[in-house]
Structure formats: C-alpha cells, structure tokens
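Q: So that we are looking at the same thing, I have put the structure below in structure tokens.
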Amino acid sequence: MSNAIFSAPHFQNDDDARKMLESILWPAGPVCPHCGVINHSYATKRTGVYRCAEVVCRKDFTVTMRTVMERSKIALHKWMQAFHLMCSSKKGVSAHQLHRTLGIGYEAAWFMAHRIREAMRQGGLAPMGGGGGIVEVDETYHGKVETPRPRSRGRIPKPTKGGKSGPADKRAIVSLVERGGSVRSFHVAVADKASVHAIIVANVAKEARVFTDESRLYGNVVADFSEHSTVKHSAGEYARGDVHTNTIEGVFSIFKRGMKGIYQHCKEKHLHRYLAEYDFRYSHRVKLGFNDTDRTVAAIRGAEGKRLTYQGAH
Ligand SMILES: [Zn+2]
C-alpha cells in the first residue's frame with residue numbers, strides 16, 4: 001500500500017481491523033445483538049465469532065452483525081480505509097476512486113459508499129437551538145426531479161430563488177444549521193409552507209432564534225419560536241447585526257461544489273443519502289473538535305443498527 005495514511009495495522013489486515021471495530025462498537029465488551037447482553041459471551045474457534053453465554057440465548061454473533069457491514073464480502077481493513085476516506089475528504093469520494101484505491105470492483109465500491117452514507121445518516125437528535133441558539137433555515141434546489149409534477153394545478157409554489165426553472169422540475173432541499181453547531185438537510189417533494197413548517201417544528205427548540213430570508217415559505221414560523229428574523233435579499237439586505245443566513249448559504253455551496261465535482265450524477269432517490277454525507281462531515285468538522293480519526297470513529301458508531309440491502313440501495 002503506497003498511501004502512507006493507511007500504514008496503521010487496522011488499515012492493513014482483516015484481523016486488526018476487526019479488533020479496531022470491536023473496540024469502537026463494543027467499548028464495554030461484546031454486545032450480543034440477539035438478546036442485548038453486554039460482555040457475557042465467549043470467543044469461539046472461528047475468528048471474530050462470539051457465542052452468547054445467556055442460557056436463553058446461546059446464539060453466535062460477530063461485530064458486524066446488524067451494521068451496514070453485515071454480510072459484506074469486502075475485507076474489514078478495506079472497510080476501515082473506505083470509512084476513513086469518506087470521512088476525511090472535504091467533498092466526498094467517488095465510487096470510482098474507492099474502486100481504484102481499495103482494489104475492489106466498481107459495483108462493490110458503489111454499494112459500499114452508499115452503506116457508509118447510511119452509517120453517516122443521523123436521526124433522533126435533540127432539537128437545534130436549545131438555550132436560545134441561532135438556527136438558520138433556507139431552501140435550495142439541486143438537480144432535476146425524475147418525474148416533473150404537473151404545473152397546471154393552481155397552487156404549485158413559485159420558486160423563491162433566482163433560476164430558470166421552478167420547483168416543479170427541481171429537487172427541493174430544506175436545511176437547518178445551528179450557528180456554531182450542526183446541520184440537518186431534508187429532500188422534500190415540494191418546498192411549500194406546510195412541509196417547511198413541519199421540518200422546522202420537528203427539529204428546532206422553542207427557545208431558538210430562527211433566521212430566514214423573506215420568502216413566504218417561512219411566514220407562519222414566527223409564532224412558534226422566541227424570535228423569527230428575516231433578511232430581505234430582494235432589497236439588497238444580507239445582514240442586519242447578527243441576523244443573516246450566510247452560514248446556511250455556505251453549507252449549500254460546499255454541497256453543490258462537491259456534488260458537481262465528485263458525484264456529478266445522483267438519482268433523486270439517493271439524494272437524501274448524499275445530503276446525510278455532507279451533513280455528517282459538516283456536523284463533525286474540525287471547528288467542533290473532530291479530527292479525521294474522530295470523525296471516522298463517529299461514522300463507524302453510526303453503522304450500528306443500520307442495514308442497507310443491495311436491492312434497497314438501487
Ligand atoms: Zn444473547
């Protein structure tokens with residue numbers, strides 16, 4: 001392996017990679033995925049296979065069971081390399097690059113990348129802007145929808161951003177970023193008042209200060225939070241004191257440059273996973289105290305309890 005960053009043993013052989021995974025996913029000892037008992041099992045003669053010591057269980061398990069790596073034929077040290085590459089590169093890693101760097105088939109690399117994105121997808125998080133923090137909300141459009149919605153039915157919302165085509169044939173994304181914190185992005189069928197409002201209410205704490213542009217999409221947000229301030233881009237206003245949406249616009253720009261430069265084509269049904277990947281890196285950035293290793297460990301922890309089948313990925 002010519003790449004110096006992969007000189008550590010867990011990037012070099014399957015056994016060390018397995019030990020590394022066990023230390024990350026089982027900090028208090030092996031966890032039986034069948035009955036949930038912690039550190040009450042014994043190693044069998046088969047490498048990496050443990051047998052639960054609970055009398056009612058007695059089942060065998062491995063560290064990759066019920067993670068995105070389950071049933072993968074790819075060696076675990078290659079998984080470690082792939083997790084590291086996707087967590088340490090600013091804009092992501094193409095399946096083609098994974099295929100060449102790891103020496104695995106293109107299809108296998110493509111599926112692996114989607115499973116790592118699934119591990120990066122975060123859910124069940126606490127509301128943003130708790131304790132009076134600032135949450136910026138904005139929408140953007142990326143790529144074309146596969147089946148454009150009919151434009152003739154009266155209430156199709158107008159695009160709120162400059163651009164030749166409106167939301168009827170563009171994929172809409174709504175993102176929320178907490179200043180000095182994390183970001184959450186959602187691909188929505190239509191960015192209308194109802195969908196935007198539902199996302200904000202589900203993800204933002206009541207005491208948050210919510211900043212948006214003057215779009216009508218955010219008109220009824222005001223009543224739900226301690227403050228809703230808007231900047232009037234149409235009037236040439238981009239900031240008024242600390243009221244601005246520059247943070248979320250910066251997040252969109254990283255996403256769009258990355259998608260254009262690295263991934264190019266992305267089917268609409270995969271968009272949410274690419275969003276999860278960019279959100280994950282932003283929410284675990286250096287400024288928040290994560291180096292490449294910490295970020296990789298966080299992604300590996302997220303692999304637990306998630307599955308993505310080959311059929312499900314297509
Ligand atoms: Zn068990």
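The values are calculated or read from the model by the stated rules, or taken from the named source; none is laboratory data. Because the structure is predicted, anything quoted here is derived from the model rather than measured. Virtual Cβ from ideal backbone geometry, glycine too; neighbours counted across all protein chains shown. What goes into the accessible areas is simple: the full protein's heavy atoms, side chains included, and nothing from ligands, DNA or RNA. Shrake-Rupley method; radii C 1.70, N 1.55, O 1.52, S 1.80 Å.
Q: Determine the share of the stretch 134-270's accessible area contributed by carbon and sulfur atoms, expressed in whole percent, with a 1.4 angstrom probe.
A: On the way: 3720 of 6890 Å².
Solvent-exposed carbon and sulfur of the stretch 134-270 make up 54 percent of the total.
Q: Ok, one more. Quick one: Karplus J couplings for the stretch 234-251, per residue in order, coefficients 6.51, -1.76, 1.60, θ = phi - 60°, nearest Hz, x for Gly and Pro?
A: Working through the residues one at a time gives 5, 9, x, 9, 10, 7, 9, x, 8, 7, 6, 10, 5, 5, 5, 5, x, 4 Hz.
Q: Assuming a viscosity of 1.002 mPa s and a temperature of 20 °C, what translational diffusion coefficient in µm² per second does Stokes-Einstein assign to the stretch 134-270, Rh being the Kirkwood radius over Cα pairs?
A: Details: Rh = 15.7 Å.
Estimated diffusion coefficient is 137 µm²/s.
Q: Run the lone-cysteine check on the chain: no other Cys C-beta under 4.7 Å from the residue's C-beta.
A: Here Cys87, Cys266 come out as lacking a disulfide-compatible partner, given the Cβ-Cβ threshold of under 4.7 Å.
Q: Between Val204 and residues 5 or more places away or on another chain, which pairs have amide H atoms under 5 Å apart, with H built 1.01 Å from N, and which residues are they?
A: For Val204, the qualifying residues are Met128.
Q: Could you give me the ³J(HN,Hα) list for the stretch 300-314, computed from phi with Karplus coefficients 6.51, -1.76, 1.60 and θ = phi - 60°, whole Hz, x at Gly and Pro?
A: Result, ordered by residue: 5, 4, x, 6, 6, x, 10, 10, 9, 7, 4, 5, x, 7, 8 Hz.
Q: If you don't mind, another one. Under the Karplus relation 6.51 cos²θ - 1.76 cosθ + 1.60, θ = phi - 60°, what is the ordered set of whole-Hz ³J(HN,Hα) values for the stretch 134-144, x standing for Gly and Pro?
A: Going residue by residue, I get 9, 10, 9, 10, 7, 10, 8, 10, 9, x, 9 Hz, with x marking Gly and Pro.
Q: Here is a further query. How large is the helix-only mean residue ellipticity at 222 nm for the chain, computed as the sum of -39500 (n - 2.57) over DSSP H runs with n ≥ 4, divided by its residue count, in deg cm²/dmol to the nearest 500?
A: Values: 9 runs with 99 residues, N = 314.
Helix-only estimate at 222 nm: -9500 deg cm²/dmol.
Q: Which percent, nearest 5, of DSSP beta bridges in the chain are antiparallel? Kindly include the intermediate steps, with their values, before the conclusion.
A: Details: 23 of 32 bridges.
Within the chain, antiparallel bridges account for around 70 percent of the total.
Q: For the ranges 244-253, 173-182, 229-238, what's the packing order if you count other beta-carbon atoms within 10 Å of each residue, average per peptide, and put the highest first? Please report the intermediate quantities before stating the final value.
A: On the way: 244-253: 17.8, 173-182: 19.9, 229-238: 13.0.
Order by mean packing, descending: 173-182, 244-253, 229-238.
Q: Something else about it: Between Lys193 and Tyr106, what is the spin-label point distance in nm, taking each point 7 Å from the Cα along the Cα→C-beta axis?
A: Those two pseudo-labels are separated by 4.8 nm.
Q: A follow-up question, please. Quick query: amide H of Lys170 versus all other amide H atoms, modeled in the peptide plane; which residues come in under 5 Å with a sequence gap of 5 or more or a different chain?
A: Amide H neighbours of Lys170, under 5 Å, 5+ apart: Val145.
Q: Under 5 Å between amide hydrogens, which residues at least 5 positions from Glu227 or on another chain qualify, with H placed 1.01 Å from N in the peptide plane?
A: Long-range HN contacts for Glu227: Val210.
Q: Okay, next question. Given 20 Å bins starting at zero, what is the percent of C-alpha pairs of the chain in each, up to the one with the largest pair distance?
A: In whole percents, the pair-distance histogram is 29, 51, 19, 1.
Q: Let me ask something else. For the chain, what is the accessible area per residue in Å², given a 1.4 Å probe and the full set of protein chains? Walk me through the intermediate numbers first.
A: Values: 15500 Å² over 314 residues.
Accessible surface, normalised per residue, equals 49 Å².
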